[in-house]
1. Is it true that some residue in segment 130-141 is under 17 Å from Met261 (Cα atoms), aromatic (Phe, Trp, Tyr) and not in a strand (DSSP E or B)?
2. Which residues, counting only those in segment 90-111, are without any contact (Cβ under 8 Å) to a residue 24 or more places away in the chain and either closer than 20 Å to Arg167 by Cβ or outside any loop (DSSP other than H, G, I, E, B) (or both)?
3. Would you check if Tyr214 is among the hydroxyl-bearing types (Ser, Thr, Tyr), over 24 Å from Arg58 (Cβ atoms) and modelled with pLDDT of 95 or more?
4. If we keep just the residues of segment 279-300 that are touching a residue at least 24 places away in the same chain (Cβ under 8 Å) and of a type outside the set (A, V, I, L, M), which is surrounded by the fewest Cβ atoms within 10 Å (Cβ to Cβ)?
5. Test Thr64 against the criterion of being at pLDDT 90 or above and either within 17 Å of Asn170 (Cα to Cα) or not assigned by TED's automatic domain parsing to the domain that holds Leu161 (or both), and give yes or no.
6. Test of understanding: among Val105, Val132, Val91, which residue is closer than 30 Å to Leu207 by Cβ and surrounded by fewer than 21 Cβ atoms within 10 Å (Cβ to Cβ)?
7. When Ser206 is evaluated against the numbered criteria (1) in the same structural domain as Lys107 (by TED's automatic domain parsing); (2) over 30 Å from Val5 (Cα atoms), which criterion, by number, is the only one it fails?
8. Within segment 25-49, work out how many residues are in contact with an Asp or Glu (Cβ under 9 Å, 6 or more places away or on another chain) and either part of a helix (DSSP H, G or I) or under 25 Å from Val91 (Cβ atoms) (or both).
Amino acid sequence: MSTPVVPSLENTYKAGIALQLYLHPPPDRPVNEWCDYKENAPLMTDIVDRLNASITHRVPLPSTPADISITLDKRLVSSMRRIPHVWTARVQGSSTDTVYPPVIVAKIYDPVYVDSADAEYADPFALLDLTVSREVEAYRRLERLQGTKVPRFYGHFVAPLPTQRDRTVNVILLEYIRGRDLRDLVPPEATNTLCSEHKDAVIDASLRLYFDIYACGVVQRDMQPRNVIMRPPRRRDGRFCSTEGCPLRLEADREDVQAVMVDFEVVDFEEPDVRFSDRASQQDYIDAVKSEYLGKWLENTMP
């Protein structure tokens, strides 16, 4: 049997590619969250090995038409070495009763393109199960915050790749949030140009967001500026500070910061606790950690 030609990540997922999505339950969460290889299992550090395993692991699909068809539009900024890859997408058709917006986010989980160095230490398919199961469970728990503090979640699907022997990849569909993440708005090298009032306001808003999510039993372990999206300000009548050169001068209303958290691949789960969403109690938790965030968070120097 000849060695298969492995398409690059860029050739597998690119603008204009159409995907047929089938609603499917998420994978079970692995017992071993380190995702170690099973005893005597071969390491899948070679992309060809991961491709062959992905074909073997493909999910059987029903003979009925796909539940939704999408066309990839624009790759969003995300790590290129992790399991997920993130795109905006246009909905081309749906056989379900769900009403989809014209533009959505498709988060594609594909273990074939995980970094080969990471595959030395973690089974890519166990890592896939862990990542997908955590993200789906997080959105289930965060249902009451969807559309306001986290994106709306439209479901978990599997999609075949016809050019790769119909191997299947996991996809979740999410609301597209208009805005920019804090890492983009305030790069680490520009934090010294951010006025103190804006810095205080966005960190306060980000921490409130963190504790609102914590109240639902979801502990964000990847609390980074790149995972906080700032919506455009609702009031567009001028500048929001008097500091020339402040990167948020026109981007964020200090009195009404509109923030949304994304990416729940690296989370823990606890029992929901409404104390963390009570504003008075929440302020106590924020006061306990805020000084450290003011000093290190936007600079990406926190551990």
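The values are calculated or read from the model by the stated rules, or taken from the named source; none is laboratory data. Worth saying up front: this structure is predicted, and the values here are computed from it rather than measured. Neighbour counts run over all protein chains shown; Cβ positions are idealised from the backbone, glycine included.
1. Yes - at least one qualifying residue is present in segment 130-141.
2. Matches in segment 90-111: Arg90, Val91.
3. Numbers: among the hydroxyl-bearing types (Ser, Thr, Tyr): yes; over 24 Å from Arg58 (Cβ atoms): yes; modelled with pLDDT of 95 or more: yes.
Spelling it out, Tyr214 is indeed among the hydroxyl-bearing types (Ser, Thr, Tyr), over 24 Å from Arg58 (Cβ atoms) and modelled with pLDDT of 95 or more.
4. Let us first name the residues in segment 279-300 that are touching a residue at least 24 places away in the same chain (Cβ under 8 Å), namely 282, 285-286, 289-290, 293-294, 297-300.
Filter once more, so that each one left must be of a type outside the set (A, V, I, L, M): 282, 285, 290, 293, 297, 299-300.
Values: Gln282: 19, Tyr285: 16, Lys290: 16, Tyr293: 19, Trp297: 23, Glu299: 15, Asn300: 13.
Taking the candidates together, the pick is Asn300.
5. On the way: at pLDDT 90 or above: yes; either within 17 Å of Asn170 (Cα to Cα) or not assigned by TED's automatic domain parsing to the domain that holds Leu161 (or both): no.
Considered against the rule, which asks whether it is at pLDDT 90 or above and either within 17 Å of Asn170 (Cα to Cα) or not assigned by TED's automatic domain parsing to the domain that holds Leu161 (or both), Thr64 comes out as no.
6. On the way: Val132 fails: surrounded by fewer than 21 Cβ atoms within 10 Å (Cβ to Cβ); Val91 fails: closer than 30 Å to Leu207 by Cβ.
None of the other options fit; the residue is Val105.
7. Looking at each condition in turn, Ser206 falls short on (1).
8. Looking only at that region, the number is 2.
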